[in-house]
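Participant: Below is a structure I'd like to ask you about.
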Amino acid sequence: MSVRRATESDVDAIVRLVYELADYERALPECHLTAEQLLAALFGDSPKLFAHVAEVDGQVVGCALWFLNFSTWRGTHGIYLEDLVVRPTARGQGLGKALLTELARECVRNGYHRLEWSVLDWNEPAIGFYKSLGAVPLDEWTVYRLTDDALTALGT
């Protein structure tokens, strides 16, 4: 088992993992990610998205996709974890913890003061896992999102 920064050769495997996550989260029709999009986002001229992968026996079985955010209250950047995925067949080996540990190290090395993510309120296995690591839910915050027609209407 190992965790490392993703390379261009990992893109197809990461896309598959993202689709598996979308299916698990009951949102597969909403997932439109292509390998070309992910390749450009991770390895284009000015990447704003970053990824780590978890491997077992040379096969990518997990990934963490993340980007930098900024806390005006702390005055520092932080990491926002967009997706954390470990294939069901590879769970229970510590891969999710290893991926989060690597992101925590990234924060510590760079002076970032937050590592944040969202989790669906029905995803009890994930919630239990995150709490076991010391993560706390921000119950007083509600996420809002603009997409599709509403985003276009506001932006034009």
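Participant: For the range 8-36, name all the residues that are assigned to a helix (DSSP H, G or I), among the small types (Gly, Ala, Ser) and more than 15 Å from the chain's Cα centre (by Cα). I'd like the intermediate steps shown before the answer.
Facilitator: Let us first name the residues in the range 8-36 that are assigned to a helix (DSSP H, G or I), namely 8-24, 28-30, 35-36.
Subsequent filtering for residues that are among the small types (Gly, Ala, Ser) retains 9, 13, 22, 35.
Residues satisfying the conditions are SER9, ALA35.
Participant: Test each condition in (1) closer than 16 Å to ALA51 by Cβ; (2) modelled with pLDDT under 95 for PRO88 and report the one that comes out false.
Facilitator: Here PRO88 clears every test but (1).
Participant: Among GLY75, GLY96, GLY44, which is the only one that is over 25 Å from VAL143 (Cα atoms) and not charged (D, E, K, R)?
Facilitator: Working: GLY75 fails: over 25 Å from VAL143 (Cα atoms); GLY96 fails: over 25 Å from VAL143 (Cα atoms).
Answer to the selection: GLY44.
Participant: So which strands (runs of 3 or more DSSP E) stay within the range 49-156 end to end and still have 2 or more residues that are under 19 Å from ARG16 (Cβ atoms)?
Facilitator: 50-56, 59-71, 76-86
Participant: Just to check your reading of the model, which residue among VAL143, VAL119, VAL86 is touching a Phe, Trp or Tyr at 6+ places or on another chain (Cβ under 8 Å) and among the β-branched types (Val, Ile, Thr)? Working first, answer last.
Facilitator: On the way: VAL143 fails: touching a Phe, Trp or Tyr at 6+ places or on another chain (Cβ under 8 Å); VAL86 fails: touching a Phe, Trp or Tyr at 6+ places or on another chain (Cβ under 8 Å).
None of the others qualify; the one that does is VAL119.
Participant: Just to be sure I understand, how many residues within the range 1-26 are among the acidic types (Asp, Glu) and either in contact with a Cys (Cβ under 8 Å, 6 or more places away or on another chain) or without any contact (Cβ under 8 Å) to a residue 40 or more places away in the chain (or both)? Before you say what the answer is, go through the steps one by one.
Facilitator: Quick first cut of the range 1-26, residues among the acidic types (Asp, Glu) only: 8, 10, 12, 20, 23, 25.
Right, trim to either in contact with a Cys (Cβ under 8 Å, 6 or more places away or on another chain) or without any contact (Cβ under 8 Å) to a residue 40 or more places away in the chain (or both) and you get 8, 10, 12, 23.
Qualifying residue count, the range 1-26: 4.
Participant: What number of residues within the range 109-156 satisfy the criterion of being farther than 16 Å from LEU81 by Cβ, surrounded by 10 or more Cβ atoms within 10 Å (Cβ to Cβ) and β-branched (Val, Ile, Thr)?
Facilitator: 1
Participant: Please determine whether any residue of the range 94-108 is surrounded by 10 or more Cβ atoms within 10 Å (Cβ to Cβ), in contact with a Ser or Thr (Cβ under 8 Å, 6 or more places away or on another chain) and touching a residue at least 40 places away in the same chain (Cβ under 8 Å).
Facilitator: no
Participant: Still on this structure, I have one more. Limited to the range 113-125, what total is found for residues that are over 16 Å from ASP139 (Cα atoms) and touching a helix residue (DSSP H, G or I) at 6+ places or on another chain (Cβ under 9 Å)? Don't jump to the end; show me each part of the working.
Facilitator: Going through the range 113-125, the residues over 16 Å from ASP139 (Cα atoms) turn out to be 113-115, 125.
Among the residues that remain, those that are also touching a helix residue (DSSP H, G or I) at 6+ places or on another chain (Cβ under 9 Å) are: 113-115.
Residues that pass the stated criteria total 3.
The values are calculated or read from the model by the stated rules, or taken from the named source; none is laboratory data. Everything numeric in this text was worked out from a predicted model, so none of it was measured. Quick reminder, even Gly has a Cβ in these numbers, built from the backbone with ideal geometry, and neighbours come from all protein chains shown.
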